[in-house]
Amino acid sequence: MSNSNNHVRFEDADEVVIEDAAESSNLDHSMCDPVSDSVPHLSNEQDDDKTSADYYFDSYSHFGIHEEMLKDTVRTKTYQNVIYQNRFLVKDKVVLDVGAGTGILSLFCAKAGAKHVYAVECSHMADMAKEIVEVNGYSDVVTVLKGKIEEIELPVDKVDIIISEWMGYFLLFENMLNSVLYARDKWLVDDGVVLPDKASLYLTAIEDADYKEDKIEFWNNVYGFDMSCIKKQALVEPLVDTVDQKQIATNCQLLKTMDISKMAPGDASFTAPFKLVAERDDYIHALVAYFDVSFTKCHKLMGFSTGPRSRTTHWKQTVLYLEDVLTVCEGEAIVGSMTVAPNKKNPRDVDIMLKYSLNGRRCNASRTQYYKMR
Ligand SMILES: C[S@@+](CC[C@H](N)C(=O)[O-])C[C@H]1O[C@@H](n2cnc3c(N)ncnc32)[C@H](O)[C@@H]1O
């Protein structure tokens, strides 16, 4: 069992001086130009062939989601620092960027001296990525390939490095990890590097009376009517939101570490035990999950955490409300297990089974709850 004291404290990406930072801000600006104008382009043919249905079914085609990711400086600057401060990883290497989006990670690699970068992107954003690569003068180094990684053909047999930002809410939502593992098994050389190569999921417990009242108990009495059938649905859907670290009432438990360079796709389904020991007398309304990723092949360990004690990222935290309100006294433990697996019908959704029990002085409870990230 480990707890928060075992966490590696990653340096905030902003704390580190970034080489070439001024030039990269220029890059962000040009990237947004073709589509970022808030006034509709009534005569822009490029936009005309995309309907709202396209965007609905393919949210990564819209620049908004990329804007959010790029502006998540914890995320993007960590990747930038990893590449610029560890040029030896990419210099003269063939790189595969799985899910390239705007091409930002490919451009970091190209700028750091990669021999060639294959940027694979399945959404329409691939067209923008091509333009961005061209405008920034990297067409001879970066080749953008539009299509699913599982369906495209690479013009080379092997690559030295695979880079990807595949993490979803609760780490595993969207199940893009499987696409990275697919690419690794098909194209990565034997001693190749995957960036990032470690991802860990953690669990802690919080007091959250006000928000639980607002989001869950609200359905008990809506303008005098009992809508508690919706409350059951609301309990099933984990809430993605930022948690104030003051709400944390127990240790933080490591649930699972994945080694992206070695794991099998099936390893993303697991059952992990936990023991959350109360650090004060309090009420527990929810368990909270979050993840860290790290790049262990750098000169010094680099990475970032999406935990409530770290700077907020667009992943926030994932809150799983409990049916019971648990009353814990300092030193008492909530014990149980969490089972995580992709949904059978829609593998991009994640099914979670939570078993927990508390045998305390003021509270005895034991329950199994099911959640679905969708
Ligand atoms: C989280 S975004 C990251 C984008 C970009 N790498 C960045 O860091 O800003 C993941 C991207 O991967 C793409 N993607 C997801 N699954 C894919 C697949 N199987 N093949 C190709 N692209 C994929 C999505 O369309 C999306 O643009």
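Taking first residues from the range 114-128 that are closer than 13 Å to residue 163 by Cα and more than 8 Å from the ligand (Cβ to nearest atom) and partners that are assigned to a loop (DSSP other than H, G, I, E, B) and of a type in the set (D, E, K, R), the Cβ contacts under 7 Å between residues at least 6 apart in sequence or on separate chains come to 114/93.
Figure legend. Inter-residue proximity from the range 258-271: first residues hydroxyl-bearing (Ser, Thr, Tyr), second residues surrounded by 13 or more Cβ atoms within 10 Å (Cβ to Cβ) and in a helix (DSSP H, G or I), beta-carbon distance below 8 Å, spacing 6+ or different chains. Indicated pairs: 261/184.
Looking at the range 269-374, the strands (runs of 3 or more DSSP E) lying wholly inside it that each contain 2 or more residues that are surrounded by fewer than 21 Cβ atoms within 10 Å (Cβ to Cβ) sit at 270-277, 282-295, 317-328, 333-342, 350-359, 364-373. Total residues in the range 236-257 satisfying the condition of being part of a helix (DSSP H, G or I) and either without any contact (Cβ under 8 Å) to a residue 12 or more places away in the chain or touching a strand residue (DSSP E or B) at 6+ places or on another chain (Cβ under 9 Å) (or both): the figure is 3. Would you pick out the residues in the range 147-165 that are within 9 Å of the ligand (Cβ to nearest atom) and either over 26 Å from the mean Cα position of the chain (by Cα) or not β-branched (Val, Ile, Thr) (or both)? If the condition is that a residue be within 9 Å of the ligand (Cβ to nearest atom) and either over 26 Å from the mean Cα position of the chain (by Cα) or not β-branched (Val, Ile, Thr) (or both), then 147, 148, 150, 151, 164, 165 are the ones that fit. Here residue 131 does not fit the description of being away from the ligand (no atom under 12 Å from the Cβ), free of Cβ contacts under 8 Å to residues at least 12 places away in the same chain and of a type in the set (Asp, Glu). Under the condition of being under 23 Å from the mean Cα position of the chain (by Cα) and either farther than 20 Å from residue 193 by Cβ or part of a helix (DSSP H, G or I) (or both), the residues counted in the range 104-127 number 12.
Within the range 258-268, track down each residue that is among the hydrophobic types (A, V, I, L, M, F, W, C) and not in a loop (DSSP other than H, G, I, E, B). Steps first, answer last, please.
Just the residues of the range 258-268 that are among the hydrophobic types (A, V, I, L, M, F, W, C), to begin with: 258, 260, 263-264, 268.
Matches in the range 258-268: 258, 268.
State all residues of the range 256-287 that are under 30 Å from residue 189 (Cα atoms) and aliphatic (A, V, I, L, M); if no residue qualifies, say none. Steps first, answer last, please.
First pass over the range 256-287, keeping only residues under 30 Å from residue 189 (Cα atoms): 256-270.
Selection gives 258, 260, 263, 264, 268.
Screening residue 153 against (1) assigned to a strand (DSSP E or B); (2) surrounded by fewer than 17 Cβ atoms within 10 Å (Cβ to Cβ); (3) charged (D, E, K, R) leaves a single unmet condition, (1). The condition (being buried (at least 23 other Cβ atoms within 10 Å of the Cβ), assigned to a strand (DSSP E or B) and of a type in the set (A, V, I, L, M)) is satisfied by just one residue among 144, 133: 144. Checking residue 168 against (1) small (Gly, Ala, Ser); (2) surrounded by fewer than 22 Cβ atoms within 10 Å (Cβ to Cβ); (3) farther than 30 Å from residue 237 by Cα; (4) within 25 Å of the chain's Cα centre (by Cα): exactly one of these is not met. Which one? If we test residue 168 against (1) small (Gly, Ala, Ser); (2) surrounded by fewer than 22 Cβ atoms within 10 Å (Cβ to Cβ); (3) farther than 30 Å from residue 237 by Cα; (4) within 25 Å of the chain's Cα centre (by Cα), just (3) comes out false. Given the condition under 21 Å from residue 280 (Cβ atoms), loosely packed, with under 15 Cβ neighbours inside 10 Å and touching a residue at least 40 places away in the same chain (Cβ under 8 Å), answer yes or no: does some residue in the range 210-229 qualify? Looking for residues that are under 21 Å from residue 280 (Cβ atoms), loosely packed, with under 15 Cβ neighbours inside 10 Å and touching a residue at least 40 places away in the same chain (Cβ under 8 Å), one finds none in the range 210-229, hence no. Of the listed requirements (1) within 14 Å of the chain's Cα centre (by Cα); (2) without any contact (Cβ under 8 Å) to a residue 12 or more places away in the chain, residue 315 misses just one: (2). If the requirement is being under 22 Å from the mean Cα position of the chain (by Cα), over 22 Å from residue 306 (Cα atoms) and surrounded by 14 or more Cβ atoms within 10 Å (Cβ to Cβ), which of these qualifies: 243, 193? Step by step, each of 243, 193 is checked, and only 193 is under 22 Å from the mean Cα position of the chain (by Cα), over 22 Å from residue 306 (Cα atoms) and surrounded by 14 or more Cβ atoms within 10 Å (Cβ to Cβ).
Does residue 179 qualify as being assigned to a helix (DSSP H, G or I), within 30 Å of residue 316 (Cβ to Cβ) and either within 9 Å of the ligand (Cβ to nearest atom) or at pLDDT below 95 (or both)?
Working: assigned to a helix (DSSP H, G or I): yes; within 30 Å of residue 316 (Cβ to Cβ): yes; either within 9 Å of the ligand (Cβ to nearest atom) or at pLDDT below 95 (or both): yes.
In short, yes.
Scanning the range 76-106 for residues that are of a type outside the set (S, T, N, Q) and within 10 Å of the ligand (Cβ to nearest atom) yields a count of 9. Being hydrophobic (A, V, I, L, M, F, W, C) and out of contact with any Leu (no Cβ under 9 Å at 6 or more places or on another chain) is the filter here; which residues of the range 342-372 pass it? 353, the sole residue that qualifies. Would you mind stating whether residue 169 is under 15 Å from residue 306 (Cβ atoms) and within 16 Å of the ligand (Cβ to nearest atom)? Yes.
The values are calculated or read from the model by the stated rules, or taken from the named source; none is laboratory data. Remember, predicted model here, so these are calculated numbers, not experimental data. Note that each Cβ is placed from the backbone with ideal geometry, even for glycine, and that neighbours are counted across all protein chains shown.
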